[in-house]
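Working notes, beginning with the structure itself.
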Amino acid sequence: MKKIIIFLFIFSNCILKAQNNRIEKVIIEFNYFKYLDTEYKIDYSKKEINCVLKHKISKKRDTIFSDKTYKFTNKQFKKLKKVLNKNIPDSIIRKSESVFDGGGFVIKYYKKNGDTSKLITVNINRKSNKYLAEFKLIDTFFDFIYSIVKDNDGLEILDESYRPYFSGLPIRKISENPLEYKIWGTISGNSTWKNNLTPFLEGLPKDKCVIIDCDNKLSYAWQEDILRLYILKNSNIHFANIDYLKYTREYLIEFKEKYKNAENNKDEIDKLKKTTLYDLYVNNKDEIEEWLKLPENLIYKTIDEYRKNCR
């Protein structure tokens, strides 16, 4: 009987200790050079996350640009909770690399017994095998937060937080009907580069209307390729918010005149061949001539205009 009592005493102490060591709240802060700071407070018991976009003026003063709170379910939180609980630091752990103009994130753990611990990262390299666990945690966090934040303002804040740490193709599905995607991060290069954008675009349905909100995130070279590969071909994929398109149109109108005037002048033609517009115009002459005839309201459509006719 005495052994049973001792066992129950030890067992109850273990349970009490586990309860006191239980994480009640986690705060994740992101800061990066030339980016606003973001802070995410996850309250385990209330099942809510508070998202704050701010600019730190001093150690004691912040300017708050956005402050929103979202509810989540146990199911939504399950994967992230498991990852957060996996490697809780005992005190303060700092991981850093010497990189100019970098940034980092801080994860603060708050336990029921009042103890706190912290993981601080500064300039850690996404491509380094030393930080796989840290980036797995961050990727899991953003998988979680994107699953509960659906408003545009909230999503833009998430994009700003994730962009410096993200690896992959920065495209997010906005809706199913009409089928719409948004490019939320910068995409450089063009269609000749080894990239993920070409297979993504080629993998989209060919038998239904698709909208791509480019959000002016494509490089100039990519926008020329979008014009050549899709817009001139009257593709079922419609691209909105391509800021350079108007300049390409102006340049093509100017180039067309120069090409016409230089038709029998080899030296002038050779000069034009050195420009980026030469291949675009000469190899797609008929399509470009038709495209240049279109009124501007048919070329620079807004997202809402595409949505209205894209069913």
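The values are calculated or read from the model by the stated rules, or taken from the named source; none is laboratory data. This is a predicted model, so every value here is computed, not measured. Counting neighbours? That spans all protein chains shown, and the Cβs are built from the backbone with ideal geometry, glycine included. Ligands, DNA and RNA are stripped out before the accessible areas are found, and what is left, the full protein with its side chains, is counted by its heavy atoms. Shrake-Rupley method; radii C 1.70, N 1.55, O 1.52, S 1.80 Å.
So here's what we get for this one:
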| item | result |
| --- | --- |
| First in segment 259-285 and touching a residue at least 40 places away in the same chain (Cβ under 8 Å), second anywhere and outside any loop (DSSP other than H, G, I, E, B), Cβ under 7 Å, 6 or more apart | 280/224; 280/228; 284/228 |
| Scan of segment 210-234 for residues that are on the phi < 0 side of the Ramachandran plot, more than 23 Å from the chain's Cα centre (by Cα) and open to solvent by 30 Å² or more (accessible area, probe 1.4 Å), ordered by number | 228, 229, 231, 233 |
| Matching strands (runs of 3 or more DSSP E) fully within segment 150-242 where at least 2 residues are within 30 Å of residue 106 (Cα to Cα) | 171-175, 179-183 |
| Hey, residue 96 among the small types (Gly, Ala, Ser) and over 24 Å from the mean Cα position of the chain (by Cα) or not | no |
| Filter result (small (Gly, Ala, Ser) and either within 23 Å of residue 303 (Cβ to Cβ) or open to solvent by 20 Å² or more (accessible area, probe 1.4 Å) (or both)) within segment 134-193 | 147, 154, 167, 168, 175, 185, 188, 191 |
| Residue match in segment 301-308 (condition: more than 19 Å from residue 208 (Cα to Cα), touching a residue at least 40 places away in the same chain (Cβ under 8 Å), in a helix (DSSP H, G or I) and open to solvent by less than 90 Å² (accessible area, probe 1.4 Å)) | no |
| Which numbered condition residue 266 fails, given (1) open to solvent by 40 Å² or more (accessible area, probe 1.4 Å); (2) under 29 Å from residue 215 (Cβ atoms) | (2) |
| Extreme residue, surrounded by the most Cβ atoms within 10 Å (Cβ to Cβ), among residues of segment 94-131 that are of a type in the set (A, V, I, L, M) and modelled with pLDDT of 90 or more | 107 |
| Residue match in segment 255-272 (condition: outside any helix (DSSP H, G or I) and closer than 18 Å to residue 222 by Cβ) | no |
